[in-house]
Amino acid sequence: MIDANLIGDCEEAGLIPEKVDRLLMRAEREVDEGLLDSTQVALAKDGKLVLLANFGEATDDSLFCVFSATKGITSAAAWILMQEGKLSEDEIVADIIPEFGTHGKDAITVQQLFTHTAGFPHAPFKPLDWNDKSRRLERYAQWTLNWQPGSRFEYHPTSSMWIIAELIERRSGQTFQSFITERIAEPLGLPDLHVGLPVAEHHRAMPCEHNGEAMTSADWARLGMPEPPVTEVTETAIERFNLPEVRAVGVPGGGGFMSAAELALFYQALLHGGLQGERVWEDATLARARTVLTGDTTELMLGHLVNRSLGLIISGDDKRNFRGFGKTNSPLAFGHNGAGGQIAWADPATGLSLGYCTNTHDRNNVRQGRRGVAISSIAAECAPLL
């Protein structure tokens with residue numbers, strides 16, 4: 001049965017009761033089994049939150065690090081500048097940030113930063129370096145290319161988003177954290193959407209932790225799958241977000257803190273241009289932001305289309321589950337998930353948006369991936385097609 005986690009009447013909210021029941025049971029399962037400490041799931045529709053459920057140690061007051069789901073929010077901040085004519089996709093990044101234009105990086109375009117085709121995915125940057133302007137500029141100058149910009153796709157875990165944050169600051173005249181707060185969180189009525197967690201809110205943040213056994217090379221071989229390369233997204237890096245000083249930076253590619261409700265409502269805003277009568281993005285801006293810009297470019301490991309737009313991933317064909325969506329999402333669904341199993345998307349076919357958070361990172365990559373696909377697949381069917 002639907003419990004108090006539902007906001008209002010299920011059918012009046014446009015949801016299918018038995019599907020919502022199934023979603024709640026699936027979100028709770030690994031908590032009951034002891035694999036995950038906490039999970040939180042939210043659905044939103046017609047610009048409103050219609051479901052918020054907490055499992056394990058989570059409460060309505062809890063905030064989670066959403067890791068790379070932050071990319072969608074930081075990207076959407078830059079869209080505002082594009083909408084206002086203050087930033088253009090085809091600008092050369094080094095024309096705006098001269099310190100960046102070293103070691104062959106002088107031809108990289110703004111668009112390539114968003115589509116992970118900029119060529120410097122492995123550029124090192126310590127979060128606290130952001131607080132020292134001279135140090136961050138030194139970092140930009142030190143970075144070298146891993147491959148020729150525009151020649152391929154390789155996910156940039158944090159590097160390109162640091163530069164997008166720098167672009168926001170130079171073209172807006174304020175910090176990227178305050179820009180996100182003043183131009184997105186406040187107008188949308190989302191006070192708990194934080195990219196840069198205030199010290200006063202630190203006590204609400206769920207601790208980042210790990211559980212389960214990591215897969216071995218033999219495990220990957222038995223599945224007939226290539227073993228993922230080692231990246232900067234290590235256990236040490238993830239657990240660094242338990243430090244107040246790192247949380248406060250608001251790492252633009254992976255350090256936002258919020259609840260599943262904020263994620264679901266943020267994506268409602270991307271469906272409707274805003275919330276509660278407050279418009280942030282124009283229709284043309286959102287249409288462009290949801291346009292696939294990577295053509296037939298494929299990812300390195302399995303060869304599937306990457307379907308990248310201006311900072312988002314577009315569901316697309318029947319391989320959408322490899323892009324972080326459910327098998328039942330429509331081709332038009334769009335979003336951006338985060339490390340550890342955070343899920344954030346909206347689907348124009350139903351008008352639904354989903355936010356799912358957990359503070360426990362499952363060391364078993366395949367199990368974590370299958371869990372995300374299952375939750376998204378169930379959630380995508382919680383409302384009928386429009």
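Taken together, the values in this text are just the output of simple stated rules run on the coordinates, not laboratory data. As the structure is a computational prediction, the values presented were derived from the model and not from experiment. Ideal geometry is used to build each Cβ from the backbone, glycine not excepted, and the neighbour counts take in all protein chains shown.
Listing for the model above:
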quantity	calculated
Gap separating the Cα centres of segment 340-386 and segment 249-267, nearest whole Å	15 Å
Computed [θ] at 222 nm, deg cm²/dmol, the chain (DSSP H ≥ 4; -39,500 (n - 2.57); rounded to nearest 500)	-9000 deg cm²/dmol
Which labelled figure in (i) -0.41, -0.75, -0.82; (ii) -0.21, -0.59, -0.73; (iii) -0.36, -0.76, -0.86 is log10 I(q)/I(0) by the Debye sum over Cα atoms at q = 0.06, 0.10, 0.11 Å⁻¹, once derived from the coordinates	(ii)
Relative contact order for the chain, counting Cα pairs under 8 Å that sit 6 or more residues apart, in percent	24 percent
Those aspartates and glutamates that a straight Cα-Cα span of less than 19 Å connects to LYS126, excepting residues fewer than 8 apart in one chain	GLU99, GLU138, GLU166, GLU169, GLU232, GLU235, GLU239, GLU245
Cut-off 11 Å between beta-carbons: net charge of the residues surrounding GLU282, Lys and Arg +1, Asp and Glu -1	0
Cleavage-rule hits, GluC sites (Glu not before Pro), segment 202-246, DSSP coil, Cβ neighbours within 10 Å at most 12	GLU213
Given LYS86/LYS133; LYS48/LYS133; LYS71/LYS327; LYS105/LYS327, the pairs whose alpha carbons are separated by over 28 Å	LYS48/LYS133; LYS105/LYS327
Candidates GLY351, GLY335, GLY173: whichever shows maximal mean-square fluctuation once the chain is modelled as a Gaussian network with Cα springs under 10 Å	GLY173
Ordering of 143-152, 215-224, 374-383 by burial proxy (mean other Cβ atoms within 10 Å per residue, highest first)	374-383, 143-152, 215-224
Sequence-separation-based contact order of segment 20-64, relative, with Cα cut under 8 Å and 6+ spacing, percent	31 percent
Taking ARG288, ARG139, ARG363 and counting other C-beta atoms within 10 Å, the order from fewest to most	ARG363, ARG288, ARG139
Whether segment 190-315 is rounded, prolate or oblate, judged on the alpha carbon gyration tensor where a/c under 1.5 counts as rounded	oblate
Virtual paramagnetic centre 7 Å along Cα→Cβ of LEU223, amide N under 14 Å, in segment 349-365	362-365
Given charges at beta-carbon only (K, R positive; D, E negative), |dipole| of the chain in Debye	820 debye
